[in-house]
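Asks: Dropping a structure here in structure tokens format, bear with me for questions.
The values are calculated or read from the model by the stated rules, or taken from the named source; none is laboratory data. Keep in mind it's a predicted model, so treat the numbers as computed, not measured. When we count neighbours, we look across all protein chains shown, and the Cβ atoms used for this are built from the backbone with ideal geometry, even at glycine. Surface accessibility is based on the protein's heavy atoms, side chains included, excluding ligands, DNA and RNA. Shrake-Rupley method; radii C 1.70, N 1.55, O 1.52, S 1.80 Å.
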Amino acid sequence: MTATIPGPAARAPVAGSADWVPTPVTDLFVHEGPLLLRHLGEPVDLAHHQARRGPLPTPDLAALVTLVTDAAVRGRGGAGFPLARKLTTAARGRRRPVVVVNAAEGEPDSCKDSALLRTAPHLVLDGAAVVARALGAGEVHVVTGADRTDTTRAARAAVAERDDRSVRWSHRVAPPRFVSGQARAVVELLEGRDGLPVTAWQPEAVSGLRGRPTLLSNTETFAHVAVLVRGGADAYASFGTVDEPGTTLLTVSRRLPAAGLPTDAGVGTDGGVVADGGPEARVVEVAHGTPFVDVLHPAELAGPVLLGGYHGTWVEGDVLADLPVSAGELRRRGLALGAGVVLPLGPDACPVRATAAVTTFLAGESAGRCGPCVNGLPALADAVRRLAEGEDTRPRLRELCGLLPSRGACAHPDGTTRLVRTLLEHLGRRVHAHLDGSCPRVSGVGGAR
Amino acid sequence: MSRVRHDGVALAVDWPACRARGLCAELLPEQISLDEWGYPVVHGPVPPALRDHAVGAVRACPHRALRVVAPPPT
């Protein structure tokens, strides 16, 4: 598959003049995978899709719940909520449920939802149609991010092709914001408001869009449903582990600010492993349980890795190497896979500078509605920047990391403090080295000024 | 063994609505303190003895940003 997108290679701008801001990924490589990312490079229209994948079974609710229970399918947007429970909750309501496919993908480095919608859009929509039929839902809404123009175009074209009986399809575009993909923000957008997070007094599956039970899940979740109903739970479980059957999509991106890894736009790969000068981002489908050493290049494991994206957790590459791609196993070790974004920093780069740049960006991405976020994230970013400049602000950082979580309409403060907290807890030795001046400094690139 | 049950409550803040007026912390200092920007920090579920004060704090909020909710499962 050549999903290499034309356009200038996006590089982190040299800091010193302005704050670092991530640019859209322009150099993406999508690898062929065992279940979801198959038939890459072939036409993606509905007729070709149906010819390749065969007819779509439409199990009733009980059969679908059994299937996704046996396959232990969890939401792939980051929270990892069991799909079976979401289905039964949505079905229990008195009103007719609605289905929402969340492809807003507000995290700039996440490309897996884009990759799916551009290489197998009807696999995603098949899964949504199956869920809608099982729930008796009459409408499916697909939400893509405004900054993902090719993905938005692909979703719109695929939605226009659908001929499912008794399902009305709609496609909406979310504003290009980090928090746009948050579930309540998506519901707000679909209700005609600004698409910003608001307080959720009940789960969306109980009361979501216009008060209806709303089965809202990430793009990838629906693709897994489509694979499952066609192939069955046993075939699905021929990949992965007993506890976590099947596969998951990861985006590996070398675009962290101050990263010390080469990103040569347009350079190909040798199939499984990306060469040293690989594309700036790649999407891979891996079986659960695969050790990270089989997923990442040695250079990518030679330094710290930010696992789970900007809201994720720092971990030393040599620790990560032996850990499996498993949401449960990683959680037990205080790590988070999130929406599957893996950001290696490289061996000769400074994680304090990278964290300062990312935290500054995240503070600016606050929707500006909740006091602790509006005030707390700039304070947090300021303290990380001062840490990068050599001032020991660790007590202040620990104080803010204790103060900010669970105090907002969405988890933006929680995710941002997770990034900073794991810098101190998991990369403490490097932070110490940064403060005593023995930190590797890479030619002034990064967010610290 | 059945555990002793009482109708405990918890307090939840509607964060986008909260404007840091601070009345809740004045009326229920046992359960609510203010952070350095004046926004409430809620400390745990409300013990039964303070239930009426909690309801009073909810009623006093000028932005209706404080609610009594069922306590989170333990």
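Asks: Among the residues of region A:302-321, which ones are under 27 Å from residue A:178 (Cβ atoms) and either open to solvent by 20 Å² or more (accessible area, probe 1.4 Å) or over 17 Å from the mean Cα position of the chain (by Cα) (or both)?
Replies: First pass over region A:302-321, keeping only residues under 27 Å from residue A:178 (Cβ atoms): A:303-317, A:320.
Answer for region A:302-321, where residues must be under 27 Å from residue A:178 (Cβ atoms) and either open to solvent by 20 Å² or more (accessible area, probe 1.4 Å) or over 17 Å from the mean Cα position of the chain (by Cα) (or both): A:303, A:304, A:311, A:315, A:316, A:317, A:320.
Asks: What about residue A:124, is it crowded, with 24+ Cβ neighbours inside 10 Å, under 17 Å from the mean Cα position of the chain (by Cα), at pLDDT 95 or above and part of a strand (DSSP E or B)?
Replies: No.
Asks: Let me ask something else. Of all residues in region A:293-335, count the ones that are assigned to a helix (DSSP H, G or I), within 22 Å of residue A:257 (Cβ to Cβ) and out of contact with any strand residue (DSSP E or B) (no Cβ under 6 Å at 6 or more places or on another chain). If you could, list the steps in order and put the result at the bottom.
Replies: From region A:293-335, those assigned to a helix (DSSP H, G or I) are A:293-294, A:298-301, A:317-320, A:327-332; that's our starting set.
Subset that is within 22 Å of residue A:257 (Cβ to Cβ): A:299-301, A:317, A:320.
Those still in the list that are out of contact with any strand residue (DSSP E or B) (no Cβ under 6 Å at 6 or more places or on another chain) too: A:299, A:301.
So the answer is 2.
Asks: Just one of (1) in contact with a strand residue (DSSP E or B) (Cβ under 6 Å, 6 or more places away or on another chain); (2) under 27 Å from residue A:71 (Cβ atoms); (3) open to solvent by less than 20 Å² (accessible area, probe 1.4 Å) trips up residue A:195, so point out which.
Replies: It is condition (2) that residue A:195 fails.
Asks: Under 6 Å between Cβ atoms, which residue pairs at least 6 apart in sequence (or on different chains) link something in region A:237-257 that is more than 15 Å from residue A:35 (Cα to Cα) with a partner that is aromatic (Phe, Trp, Tyr) and surrounded by 20 or more Cβ atoms within 10 Å (Cβ to Cβ)?
Replies: Taking only residues 6 or more apart or on different chains, the pairs are A:257/A:20.
Asks: Quick one: how many residues across region A:87-113 are closer than 19 Å to residue A:252 by Cβ and open to solvent by less than 10 Å² (accessible area, probe 1.4 Å)?
Replies: Matching residues across region A:87-113 total 5.
Asks: Given the options A:383, A:379, A:357, A:363, name the one that is at pLDDT 95 or above, assigned to a helix (DSSP H, G or I), surrounded by 24 or more Cβ atoms within 10 Å (Cβ to Cβ) and not hydroxyl-bearing (Ser, Thr, Tyr). Can you show your working first?
Replies: Details: A:383 fails: surrounded by 24 or more Cβ atoms within 10 Å (Cβ to Cβ); A:379 fails: surrounded by 24 or more Cβ atoms within 10 Å (Cβ to Cβ); A:363 fails: surrounded by 24 or more Cβ atoms within 10 Å (Cβ to Cβ).
On inspection, the qualifying residue turns out to be A:357.
Asks: I would also like to ask the following. Which of the residues spanning region B:10-21 are small (Gly, Ala, Ser) and more than 11 Å from chain A (Cβ to nearest Cβ)?
Replies: If we filter region B:10-21 for residues that are small (Gly, Ala, Ser), which is where we start, we get B:10, B:12, B:17, B:20.
Passing the criteria: only B:10.
Asks: Related question: Since residue A:76 meets every condition but one in (1) under 24 Å from the mean Cα position of the chain (by Cα); (2) among the charged types (D, E, K, R); (3) over 20 Å from residue A:288 (Cα atoms), which condition does it not meet?
Replies: Of (1) under 24 Å from the mean Cα position of the chain (by Cα); (2) among the charged types (D, E, K, R); (3) over 20 Å from residue A:288 (Cα atoms), only one is false for residue A:76: (3).
Asks: Next question. Kindly indicate the residue of region A:165-181 that is in contact (Cβ under 8 Å) with a residue 40 or more places away in the chain and closer than 19 Å to residue A:22 by Cα and also surrounded by the fewest Cβ atoms within 10 Å (Cβ to Cβ) among those meeting that condition.
Replies: We begin by selecting, within region A:165-181, every residue in contact (Cβ under 8 Å) with a residue 40 or more places away in the chain; these are A:169, A:174, A:176-181.
Keeping just the survivors that are closer than 19 Å to residue A:22 by Cα gives A:174, A:176-181.
Details: A:174: 26, A:176: 15, A:177: 21, A:178: 22, A:179: 27, A:180: 28, A:181: 25.
Residue satisfying both the conditions and the ranking: A:176.
Asks: Which residues, counting only those in region A:337-349, are open to solvent by less than 10 Å² (accessible area, probe 1.4 Å), over 18 Å from residue A:421 (Cβ atoms) and part of a loop (DSSP other than H, G, I, E, B)?
Replies: A:340, A:346, A:349
Asks: Would you please list the contacts, defined by Cβ atoms under 9 Å and residues six or more apart or on different chains, that run from a residue in region B:26-53 that is at negative phi and within 14 Å of another protein chain (Cβ to nearest Cβ) to a residue that is of a type in the set (Ser, Thr, Tyr) and not in a loop (DSSP other than H, G, I, E, B)?
Replies: B:40/B:33; B:41/B:33; B:42/B:33; B:43/B:33
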